[in-house]
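Report on the structure given below.
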Amino acid sequence: MEKAKISASQLFILMVLFEMGSALLVPLAIDAKQDAWLAILLGMVFSFVLLLVYHRLYLYYPDLLPTEYMQKILGKVMGTVLAFVYILYFMYDASRVLRDFGEMLLAFSYRDTPLFIANALLMLVIIYTIRKGIEVIARSGELLFIFMYIFASAGFILIVSSGLIDLKNLQPVLEDGLFPVLKVVFTQTLYFPFTEVVVFTMILPYLNNPKKAKVTMLCATGLSGINLIITMLINVCVLGVNLTARSQFPLLSTVQTIQVADFLERLDVFFMLALIISIFFKICLLFYAAVVGTANLFKVKSPSRLSYPFGLIILLLSITIASNVQEHIHEGLKVAMFALHIPFLTIIPPLLLLVAFLKNRKKHEGNTFD
């Protein structure tokens, strides 16, 4: 485990950037149509329960990485296997986000550039950052977080000034009742992006004030949820439900419609920079968790040595997981969601907490008896 510490404010910023990540790109919860904002809100609220599960596990083992306390909870063999599977999951998730980045870049302005080249350029920067450690990642987040919010605030003001918002696109509310919204919540928004913060269980041991962990996690998820709600509200108000659903990257489509006084237009490049910032940190944190977890699990003295081979694996995986963008989206929404996200984010952690609770209670009762 790296000898480093980060503050609660740095953890807050990293979590917000992580949760917005690739969620800003896609038409999040659009299956709920004009009620997409409500599906995001409910997904955020329900995710608080799982965040408390992750936090409670951290309280039981505040100085241990999950790769260590899984072995204490489940035993050496089962704990090691599960920890290794989680590492693979983090790498797979990082490759999916990297693929999102490459597809966005190619669709936006680099149509003749090979996907491998686009992904490799970002991966080189990420590898360099990972080698510097979690403190450098956190300080970079503090700096770039400011720029991202400047871009976001400017974009919101320009969209409102352009007169593009049509609130009628949000009506009628709950046209088909609450069930379709809840279906989207329990098949999409609960897992992506909110409970993906399970990766922060690999970061929490670096927090310099463990008492602030719970409040920081809940507040960060709340802010990122509000940001995503506002983003989808704007997308639907500007583009309408049908166009938002058909658009590969609705936020970029929305930004491309900005035109103020026949002077300010084609501002999408600035907002693409904001998207790249959030995607960069999401990949960084997933990558870092995989590297640190592997180093801890297999007793590698220098985790930075793993950054190059792991970076190459994630890069190659991002190219090979799907033959085209449609297959990539289908795999993310259907295959990965049910085969990976649901068990790794919502089933296994509560089971680990239950076993940890029972073990700690027996230990406590034994000490009391003695």
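One chain, two ends: residue 77 and residue 256. Fully extended at 0.36 nm per residue, the span grows by 59.1 nm beyond their Cα-Cα distance. Assuming 1.567 mPa s and 4 °C, estimate D for the stretch 16-89 with Stokes-Einstein, Rh taken as the Kirkwood radius over Cα pairs, in µm²/s. Approximately 87 µm²/s, per Stokes-Einstein. With the cut-off at 25 Å, tell me which of the pairs 33/214; 3/214; 183/359; 76/214 have Cα atoms farther apart than that. Result: 33/214; 183/359; 76/214 exceed 25 Å.
For the stretch 193-320, the extents of the C-alpha atoms along the principal axes are 60, 39, 28 Å, listed from largest to smallest. Taking the centroid of alpha carbons for each part, the stretch 150-209 and the stretch 345-361 are 29 Å apart.
With Cα atoms defining each centre, the stretch 224-253 and the stretch 102-131 are spaced 24 Å apart in the structure.
A Cβ-based charge dipole, computed about the Cα centre of the chain with Lys and Arg at +1 and Asp and Glu at -1, lands at about 1420 debye.
Here the translational diffusion coefficient of the stretch 174-266 follows from Stokes-Einstein with Rh set to the Kirkwood radius across Cα pairs; for 25 °C and 0.890 mPa s it amounts to 151 µm²/s. Taking the average, over residues, of other Cβ atoms within 10 Å as the packing measure, peptides 73-85, 119-131, 37-49 rank 37-49, 119-131, 73-85 from highest down. Summarised as an ellipsoid, the stretch 318-358 has semi-axes of 31, 9, 5 Å, derived from the eigenvalues of the Cα gyration tensor scaled by 5 and square-rooted, with the largest first. Straight-line reach from residue 5: taking Cα to Cα under 16 Å and skipping same-chain neighbours fewer than 8 places apart, the lysines in range are 132, 211, 212.
Surface composition of the chain: carbon and sulfur atoms hold 67% of the protein heavy-atom accessible area at a 1.4 Å probe.
Within the chain, the selection of entire DSSP H helices by a Cα span of 27 Å or greater along the long axis and an average Kyte-Doolittle value of at least -1.0 returns 36-60, 76-108, 134-161, 213-239, 268-297, 348-369. I'd like to check one number: the per residue accessible area of the chain, probe 1.4 Å, reported in Å² as a whole number. For the chain, the solvent-accessible area averages 45 Å² per residue.
In angstrom, the C-alpha Rg and Dmax of the stretch 69-150 are 17.4, 51.
Descending by average beta-carbon neighbour count within 10 Å, the peptides 231-243, 276-288 line up as 276-288, 231-243, the highest first. Extension gain, residue 111-residue 246: 0.36 nm per intervening residue step, less the Cα-Cα distance, totals 46.6 nm. Treating each Cα of the stretch 2-155 as an identical point scatterer and summing with the Debye formula, the log10 of I(q)/I(0) at q = 0.13, 0.18 Å⁻¹ comes to -0.89, -1.52.
Both radii are taken from the alpha-carbon atoms of the stretch 289-370; with Rh as the Kirkwood radius, Rg/Rh is 1.19. Computed from Cα atoms alone, the Kirkwood hydrodynamic radius reported for the chain is 21.3 Å. Dipole orientation for the chain: of the candidates 179, 109, 360, 360 has the Cα lying most toward the positive pole (charges on Cβ; Lys, Arg +1; Asp, Glu -1).
The values are calculated or read from the model by the stated rules, or taken from the named source; none is laboratory data. The structure presented is a predicted model; accordingly, all values stated were derived computationally and were not measured. Positions of Cβ are generated from backbone atoms using ideal geometry, with glycine treated the same way; all protein chains shown enter the neighbour counts. We work out accessible area using only protein heavy atoms, side chains counted, and drop any ligands, DNA or RNA first. Shrake-Rupley method; radii C 1.70, N 1.55, O 1.52, S 1.80 Å.
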